[in-house]
Amino acid sequence: MDKKRILIVSRAFYPTIAPRSFRATELAKELARQGHNVTVLTHKHQFDYNEFEKTHHLRTEDFVKGKWSIINGKNIFIKGLQFLLNYFFLFPDIQLSPLLKKHLQNKSGYDLLISIAVPYPVHWGVALAKKKNTKLCKVWIADCGDPFMGNKEQIFKHPFYFKYVENWFCKRADYLTVPIKEAVNAFPDFCKHKIKVIPQGFNFGKITTSNENITNPFPIFVYAGALSKGIRDPSEFMEYLCSKTNQDFKFIIFTKSVSIIEPYKTILKEKLEIRDYIPREQLLSELRQMDFLVNFENKNIVQSPSKLIDYALIGRPVISIQPFALNKQVVDEFLTSDYSNQFVISDIEQYNIVNVANQFLNLANS
C-alpha cells in the first residue's frame with residue numbers, strides 16, 4: 001500500500017465531545033493505523049497530546065496557540081454585541097482563517113489534506129493558504145458535516161454576502177464531502193460534480209452490541225445530544241410524557257440544552273434525569289443498559305444526527321420522534337416494550353471507519 005503524508009485540519013478534535021471531533025479523531029486514528037504519516041492541525045486548548053500521539057502513532061499541532069479573541073460578559077449589551085459580531089462577521093470563528101493561512105504558508109508536500117467543518121472558516125483558511133502556497137498538497141478534501149448557506153437548521157440564516165465566500169472556497173477545493181446524499185442539494189449547483197458522500201465513521205472494534213433482554217424494573221430510555229426550540233424540539237414528546245405521571249418510567253437526557261428540558265422537571269420529578277455530556281465510550285456503555293433510545297428528527301432531510309449510528313451499533317431499539325408530528329401510539333408501544341415500529345438503519349457496515357477512511361484515500365488516488 002502506498003504510504004501517504006496526510007494533514008487533517010479540524011478545530012474540534014479529541015477529547016472534545018462533538019460530531020466533528022469524532023469525525024476528525026476516528027479518521028486520523030484509522031489512517032495512522034493503516035501506516036500513513038498523519039498530522040492533525042487543531043486547537044489544543046492546552047491539552048497534553050503526548051500519550052495520545054504515542055498510542056495512535058500520529059502528530060498534532062496547534063494553529064491557535066492562545067491567539068484567540070473573545071468578548072466575555074453576561075449583560076444584555078454584551079450578549080447583543082456577541083450576537084451581532086457572530087451574525088455579520090462569524091466572530092470569533094472567523095479568526096481561524098488567518099491563523100490557518102499563516103500556519104500553512106510554509107508547509108508543503110502533503111499527498112492529502114482534509115479540512116473538517118464546522119466551523120467553515122477552517123475551509124476558508126485552507127483556501128487562503130492554497131492560493132499562496134500551491135505546493136501545500138496534491139489533493140484537498142473539504143469535509144462538510146453541515147451545509148453552510150444551505151443549512152436548514154439555523155434560526156438566523158447567514159447574510160447574503162457569505163454566499164460569495166462559499167462559492168469562492170468551493171471552487172478551490174478538489175472535493176467536498178458530505179455525510180448523507182440529501183446534503184448535496186444544500187450546496188451551489190456549480191460544485192455538485194465534486195461532492196462525494198462519505199458517511200460518519202466509527203471504530204466497530206470497540207463497540208459491544210447489546211441484543212439481550214434488559215431487565216429494568218420499569219422502562220428506562222435515553223436521549224443524548226443537542227436540542228433546540230423549533231428545530232430539534234422535544235416539546236411535544238415531553239408534554240406527552242407529562243401526561244403519564246401515573247406510569248413508571250425514567251427518561252435520561254445527556255445534553256447541554258438544559259433550559260429546554262428543565263421546565264418539565266417540575267412535573268416529571270424523578271422520572272426525568274438531566275445529565276451533562278460524558279466521553280463517547282462511557283456513553284455507549286450507559287446506552288447498552290437502556291430499554292430503548294430516543295432520536296429527535298431534524299426538520300429537514302439535508303442533515304441527519306450522527307448519534308443514530310451509535311444507536312444502531314449498540315443494538316438497542318430506537319424510537320425516532322418527529323418533533324411536530326408526534327405519533328403517540330408508537331410512544332405507547334415503546335413504553336410497553338413493543339418495539340415493532342422501531343427505527344432501523346440499514347447497511348451499518350458503511351459506517352465502519354475502515355471503509356470510511358478508504359473512501360477518503362480513494363479520492364486522493366483519483
TODO: Go through region 29-58 and count every residue that is over 17 Å from Ser115 (Cβ atoms) and part of a strand (DSSP E or B).
DONE: 1
- [ ] Output the residues belonging to region 9-28 that are of a type in the set (Val, Ile, Thr), in a loop (DSSP other than H, G, I, E, B) and within 23 Å of Tyr110 (Cβ to Cβ).
- [x] none
Open item on the list: Among the residues that make up region 323-338, is at least one of them closer than 30 Å to Ile6 by Cα, surrounded by fewer than 19 Cβ atoms within 10 Å (Cβ to Cβ) and not small (Gly, Ala, Ser)?
Closed with: no
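Closer than 27 Å to Asp62 by Cβ and in the same structural domain as Ser10 (by TED's automatic domain parsing), is that true of His103?
The answer is yes for His103.
Count, please, the residues in region 94-119 that happen to be basic (Lys, Arg) and touching a strand residue (DSSP E or B) at 6+ places or on another chain (Cβ under 8 Å). Walk me through how you get there before you give the answer.
Step one: list which residues in region 94-119 are basic (Lys, Arg), which gives 101-102, 107.
Those still in the list that are touching a strand residue (DSSP E or B) at 6+ places or on another chain (Cβ under 8 Å) too: 107.
Total satisfying the criteria: 1.
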Task: Filter result for Ile71 (in contact with a Leu (Cβ under 8 Å, 6 or more places away or on another chain) and exposed (fewer than 14 other Cβ atoms within 10 Å of the Cβ)) - done: yes
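Going by the structure shown, is Ile94 surrounded by 14 or more Cβ atoms within 10 Å (Cβ to Cβ), touching a helix residue (DSSP H, G or I) at 6+ places or on another chain (Cβ under 7 Å) and in a helix (DSSP H, G or I)? Full working, then the answer.
Working: surrounded by 14 or more Cβ atoms within 10 Å (Cβ to Cβ): yes; touching a helix residue (DSSP H, G or I) at 6+ places or on another chain (Cβ under 7 Å): yes; in a helix (DSSP H, G or I): yes.
Spelling it out, Ile94 is indeed surrounded by 14 or more Cβ atoms within 10 Å (Cβ to Cβ), touching a helix residue (DSSP H, G or I) at 6+ places or on another chain (Cβ under 7 Å) and in a helix (DSSP H, G or I).
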- [ ] Residues being in contact (Cβ under 8 Å) with a residue 24 or more places away in the chain and either touching a Phe, Trp or Tyr at 6+ places or on another chain (Cβ under 9 Å) or in a loop (DSSP other than H, G, I, E, B) (or both): count how many of those fall in region 171-187.
- [x] 11
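When the residues of region 74-88 are narrowed to those that are of a type in the set (Phe, Trp, Tyr) and surrounded by 12 or more Cβ atoms within 10 Å (Cβ to Cβ), which ends up nearest to Tyr161 (Cα to Cα)? Outline the logic, then answer.
At the first step, the residues of region 74-88 found to be of a type in the set (Phe, Trp, Tyr) are 77, 83, 87-88.
Filter once more, keeping what is surrounded by 12 or more Cβ atoms within 10 Å (Cβ to Cβ): 87-88.
Details: Tyr87: 12, Phe88: 9 Å.
This residue is Phe88.
The values are calculated or read from the model by the stated rules, or taken from the named source; none is laboratory data. Note that this is a predicted model, so its numbers are computed, not measured. Every residue, glycine among them, receives a Cβ derived from its backbone with ideal geometry; neighbour counts consider all protein chains shown.
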